[in-house]
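Worksheet for the structure shown next.
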Amino acid sequence: MLTVVTAAATLLFLMLSTGEETIRREGLFGGVFFQTREVRPGVTGAEMGVDSIAGIVGVFAIFVVLMLLVQLTFLVLKQYRAGLIAERAHG
């Protein structure tokens, strides 16, 4: 879910950072793209979507590693707290 929200936010950022010129922008390590081009004089078309699943999988892997590190840190701090409480009760 976090990866989907990140991809959507990246697409939104790419859309809002595009000016009047025709351009193709990529985000999330090439995972999503936003492209504008002139369809006919005075009319600009826009395309967006997934360009490479590898970039999205990479972001997902980064999020998984970060969540595991946060959980591990929480468990270590919880054990440390329990040790302090036990030490205070005996001392």
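Computed values, structure above
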quantity: Where segment 1-89 is the region considered: accessible area per residue in Å², 1.4 Å probe; calculated: 76
quantity: Apportionment of accessible area to carbon and sulfur, the chain, percent (1.4 Å); calculated: 68
quantity: Residue list for segment 5-32, given a label point 7 angstrom along the Cα-to-Cβ vector of Ser52 and an amide N cut-off under 14 Å; calculated: 25-32
quantity: Cleavage-rule hits, GluC sites (Glu not before Pro), segment 1-74, DSSP coil, Cβ neighbours within 10 Å at most 15; calculated: Glu20, Glu21
quantity: Lys, Arg +1 and Asp, Glu -1 on Cβ, resulting dipole of the chain about Cα centre, debye, nearest 20; calculated: 440
quantity: Mean Cα-pair separation over length for the chain, i.e. relative contact order, pairs under 8 Å, 6 or more apart, %; calculated: 21
quantity: Sum of -39500 (n - 2.57) over DSSP H runs of 4+, divided by residues of the chain (222 nm, nearest 500); calculated: -21000 deg cm²/dmol
quantity: Principal-axis tilt of helix 2-16 within the chain, Cα atoms, nearest 10 degrees; calculated: 40
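The values are calculated or read from the model by the stated rules, or taken from the named source; none is laboratory data. These numbers were taken from a predicted model, which means no experiment stands behind them. For neighbour counting, all protein chains shown are included, and Cβ atoms are generated from backbone atoms with ideal geometry for every residue, glycine included. Please note that ligands, DNA and RNA were not included when accessible areas were found on the heavy atoms of the full protein model with its side chains. Shrake-Rupley method; radii C 1.70, N 1.55, O 1.52, S 1.80 Å.
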